[in-house]
Amino acid sequence: MGDVNFSVNNLRQFLSIKDASVWASDYLDKTISESNISYLIQYGKVKKYGNNGSTLISIKDLKDYYLTFNGQREIDWKKKLGSDLNWSLSFDNLRETDTTKHVHRLHPYKGKYIPQLVEYFIDSHVDQFKKDIYFKKGDIILDPFSGSGTTLVQANELGIHSIGIDISRFNNLISEIKLLDYDFESLSTDINNICKKINDFEEDKKILLFEQELNNEIYKFNYKNFPSPEYKYKIQKKVIDEGIYFKEKERDFLIIYQRLINLYKIELNQNNNKTFLDKWYIKNIRSEIDFIFDLVKKIKNVENKKILSIILSRTIRSCRATTHSDLATLKEPQVTSYYCFKHKKICKPLFTIKNWFNRYVIDSLNRLKDFNKIKTKAYFATITGDSRTVDIFAEVKKRNIFFYELLQKQKIKGIFSSPPYVGQIDYHEQHAYAYDLFGFDRKDELEIGPLYKGQGIEAKNSYVKGISEVLLNCKKYLKNSFDVFLVANDKYNLYPLIAEKSGMRIVNKFKRPVLNRTERDKSPYSEIIFHLK
C-alpha cells in the first residue's frame, strides 16, 4: 500500500471503496459500482492506500483516471473515427454481466455482437426517443449468418419468431442448445453423474501432487516478484520496464518448472501430432477429454446430450495449451510456464480439465434456468446450409409444420444479421477443436470472406458476390415491406454495391463505437449498421 500521512485534512482527500463508488457515480452521472472501483485498484489504474487496515483511494487519482480515460474517450474516438459516431450505441453504461446475460455466454464465439444491439433495433420499448418500430411480437425475423444465435435468442425474449442459417454445423448446435426446452431435473441428474465420474477418473496419478506443488511454487514466486496491485501500478507509472523485467523472471521460474516436470515424470506432449486435439492438448488433458466424451455419447436424453456436448466444447477451448492472451488467436502450443501479459504474472498450462468442466456445468445450468424464466413460446428454426441457395420454406417444414404454416401465411418481416467481414475470421477454424471432437463435416470452402482468402481485389469481388447472392435468395421469403439490418465493418465501402446488386437501397446508416474488445489491440474501432429496404 502507498505510504501517506493521514491527517484530518488529508483524510478528506481519500475515500473508501464504497464512498468512492458514490463519488464516481455523481462525478460521471452514471452508476459506478464498488466492484468497478475494486477493478481499478486490482489492475493498477489507481493507487491503493491504507488507514488502520482499511483500503482508501485518492480522489485526485480517481479524477485523473476518469479525465484521461473515461471522460475523454468519446471525444477522442470521435476525433479519430468521425463526428458521425453514434455514442448511444456504444452501450458504455453496461457491465459485462449485462452484455453476456443468461445463455449468451454458454460458449465463446469470436465476432458476435452484444444482445443489446439487437434489442435496440427489434424492441420497440428499448429507446423512448426512437420513433420507428421495425419488428413487433409475432413477427418472423431471419438471420442468414446466425453464428452463435444472438439474434435468435433476443427475438425469442421478445416473442418474435426466428430463423437462423449458418454454413457451420457447430455454430448451429450452439444456437440450438440456447433455445431448446430442458427437463432440468433430468439434466441435473445427468450432470451429477458425469461430474462424479470425471472427478474420480485419474489417468496419471502423479498429476494431482505435481499440480499442488507447482501451484505452491508459482504462488510464492508471484507473491515475491509480481505483487498485486503494486506491480501493475509500477508498470502504469513506468517505474518498471515490463519488457526487460518479465524476461528475467520468466527464465528464473522456468528452472523451477522443469525441475518439477522431471521429478514427477510428467508427459507433456501426445504421441501423435496429426489433428488439432493431438497438437493443442497436454497428454493428461486429452485422456480426460476422451473419457468425458465417451460418457456424453451414452446419455439417452437428446437435449441433455447436446448441452453437455457444448459444455465439454467450452471446457476444452479453455484448456488448450496456449497462453491466456493468445486464446482468441492461437500461435504455438505452450507447454511450459510463461509470463502472462493478461494477468501480469507467471502462469502455466493446464494439466487437467476437471475444475473447468465442473465450473462450466454449474454456470451453464444457471444460465439455462435464467433464460427459461423469460423465454417465450415463439417458434425458432436453426438451419445448417448455404444462405445463397437454401430453401427456407422446405427447411422449416422439416423442423416444425406449425411454424411452416405461419411462415407461408405471413412471411418474414426482415433481417438482423452480422455478415462476416472481409478477410478477418476463418469461422470453421476458430472451433477446430470441436470439429475434431464431434466429427462434424467442415464447409470452409463455402464461407464468405474468410481470413484465408485475404483482402485483395479478388477477395472483395467474391465477398460482394456472396453477400449479394444471400440477400437475393432471402428476399424471396420476405414481406414486401421488409427491413434489413446488417452490422458490418465496411472499411472498403462495399455495401453500397452489395445493396445495388441485391435490388435494395440503403435508407440509413448507424455508426457505432465497439468498446471492450478482448484483443490486445484496443485502438478505436467502429462498425456500421446498414438499414436496407
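Across segment 65-73, a minimum of one residue is classified as closer than 21 Å to Glu527 by Cα, assigned to a helix (DSSP H, G or I), modelled with pLDDT under 80 and over 26 Å from the mean Cα position of the chain (by Cα). Any idea which residue in segment 383-394 is farthest from Phe482 (Cα to Cα), counting only those that are touching a residue at least 12 places away in the same chain (Cβ under 8 Å) and open to solvent by 40 Å² or more (accessible area, probe 1.4 Å)? Only one residue fits best here, namely Thr384. In this structure, does Tyr281 turn out to be in a helix (DSSP H, G or I) and either buried (at least 18 other Cβ atoms within 10 Å of the Cβ) or not aromatic (Phe, Trp, Tyr) (or both)? Answer is no for this residue.
Among the residues of segment 221-247 satisfying the criterion of being open to solvent by 80 Å² or more (accessible area, probe 1.4 Å) and in a helix (DSSP H, G or I), which is farthest from Asp61 (Cα to Cα)? Residue satisfying both the conditions and the ranking: Lys247. Take the conditions (1) surrounded by 12 or more Cβ atoms within 10 Å (Cβ to Cβ); (2) more than 29 Å from the chain's Cα centre (by Cα); Ser309 misses just one of them, which is (2). Checked against the criterion of being free of Cβ contacts under 8 Å to residues at least 60 places away in the same chain and among the hydrophobic types (A, V, I, L, M, F, W, C), the candidates Leu94, Leu158, Leu81 yield just one match: Leu94.
Of everything in segment 490-519 that is out of contact with any Asp or Glu (no Cβ under 9 Å at 6 or more places or on another chain) and over 30 Å from Tyr477 (Cβ atoms), the residue that is modelled with the highest pLDDT is Lys491. Annotation: Lys344 fulfils all but one of (1) among the charged types (D, E, K, R); (2) touching a residue at least 60 places away in the same chain (Cβ under 8 Å); (3) at negative phi; the unmet one is (3).
This table checks each residue for (1) more than 21 Å from Pro450 (Cα to Cα); (2) among the aliphatic types (A, V, I, L, M); (3) open to solvent by less than 10 Å² (accessible area, probe 1.4 Å).
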position: Gly147; (1), (2), (3): no, no, yes
position: Val153; (1), (2), (3): yes, yes, yes
position: Glu157; (1), (2), (3): yes, no, no
position: Gly164; (1), (2), (3): no, no, yes
position: Ser168; (1), (2), (3): no, no, yes
position: Ile174; (1), (2), (3): no, yes, yes
position: Asp183; (1), (2), (3): yes, no, no
position: Leu187; (1), (2), (3): yes, yes, yes
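Scanning segment 323-334 for residues that are part of a loop (DSSP other than H, G, I, E, B) and hydroxyl-bearing (Ser, Thr, Tyr), which turns out least open to solvent (accessible area, probe 1.4 Å)? Result: Thr323. Take Val361 and decide whether it is in a helix (DSSP H, G or I), open to solvent by less than 30 Å² (accessible area, probe 1.4 Å), hydrophobic (A, V, I, L, M, F, W, C) and over 21 Å from Phe440 (Cβ atoms). Yes: the conditions hold for Val361. Only one entry of Arg320, Arg251 meets the criterion of being free of Cβ contacts under 8 Å to residues at least 60 places away in the same chain and either open to solvent by 60 Å² or more (accessible area, probe 1.4 Å) or of a type in the set (Lys, Arg) (or both), and that entry is Arg251. Total residues in segment 335-357 satisfying the condition of being closer than 22 Å to Asn193 by Cα and open to solvent by 40 Å² or more (accessible area, probe 1.4 Å): the figure is 2. Looking only at residues of segment 382-402 that are hydrophobic (A, V, I, L, M, F, W, C) and closer than 18 Å to Leu478 by Cβ, we find that the one that is nearest to the chain's Cα centre (by Cα) is Ile383. In segment 482-514, which residue that is in contact (Cβ under 8 Å) with a residue 12 or more places away in the chain and of a type in the set (S, T, N, Q) is most open to solvent (accessible area, probe 1.4 Å)? Within segment 482-514, the match that is most open to solvent (accessible area, probe 1.4 Å) is Asn508.
Can you pull out the residues in segment 459-481 that are hydrophobic (A, V, I, L, M, F, W, C), closer than 23 Å to Phe393 by Cα and open to solvent by less than 10 Å² (accessible area, probe 1.4 Å)?
Ile467, Val470, Leu471, Cys474, Leu478
Scanning segment 207-236 for residues that are at pLDDT 95 or above and of a type in the set (Val, Ile, Thr) yields a single hit, Ile218. In segment 285-306, the residue that is least open to solvent (accessible area, probe 1.4 Å) out of those that are free of Cβ contacts under 8 Å to residues at least 40 places away in the same chain and outside any helix (DSSP H, G or I) is Lys298.
State yes or no: is Gly454 buried (at least 21 other Cβ atoms within 10 Å of the Cβ) and of a type outside the set (Val, Ile, Thr)? No.
Residues in segment 189-198: is at least one surrounded by fewer than 16 Cβ atoms within 10 Å (Cβ to Cβ), part of a loop (DSSP other than H, G, I, E, B) and either touching a residue at least 24 places away in the same chain (Cβ under 8 Å) or not basic (Lys, Arg) (or both)? No - not one qualifying residue is present in segment 189-198.
Figure legend. Inter-residue proximity from segment 97-114: first residues closer than 14 Å to Ile177 by Cα, second residues assigned to a helix (DSSP H, G or I) and open to solvent by 30 Å² or more (accessible area, probe 1.4 Å), beta-carbon distance below 7 Å, spacing 6+ or different chains. Indicated pairs: His102/Arg367; His102/Asp370; Val103/Arg367; Arg105/Arg367; Leu106/Arg367; Pro108/Arg317.
Are any of the residues in segment 27-42 in contact (Cβ under 8 Å) with a residue 12 or more places away in the chain, among the small types (Gly, Ala, Ser) and within 18 Å of Tyr233 (Cβ to Cβ)? Yes, because at least one residue in segment 27-42 is in contact (Cβ under 8 Å) with a residue 12 or more places away in the chain, among the small types (Gly, Ala, Ser) and within 18 Å of Tyr233 (Cβ to Cβ).
So for segment 396-404 (the condition being modelled with pLDDT under 95, assigned to a helix (DSSP H, G or I), surrounded by fewer than 15 Cβ atoms within 10 Å (Cβ to Cβ) and of a type outside the set (Lys, Arg)), does at least one residue qualify? No, every residue in segment 396-404 fails to be modelled with pLDDT under 95, assigned to a helix (DSSP H, G or I), surrounded by fewer than 15 Cβ atoms within 10 Å (Cβ to Cβ) and of a type outside the set (Lys, Arg).
The values are calculated or read from the model by the stated rules, or taken from the named source; none is laboratory data. It should be emphasised that the depicted structure is a prediction, and the values quoted were computed from it without experimental measurement. Note that we place each Cβ from the backbone using ideal geometry, even for glycine, and neighbour counts take in every protein chain shown. Keep in mind that these areas ignore ligands, DNA and RNA; they rest on the heavy atoms of the full protein, side chains included. Shrake-Rupley method; radii C 1.70, N 1.55, O 1.52, S 1.80 Å.
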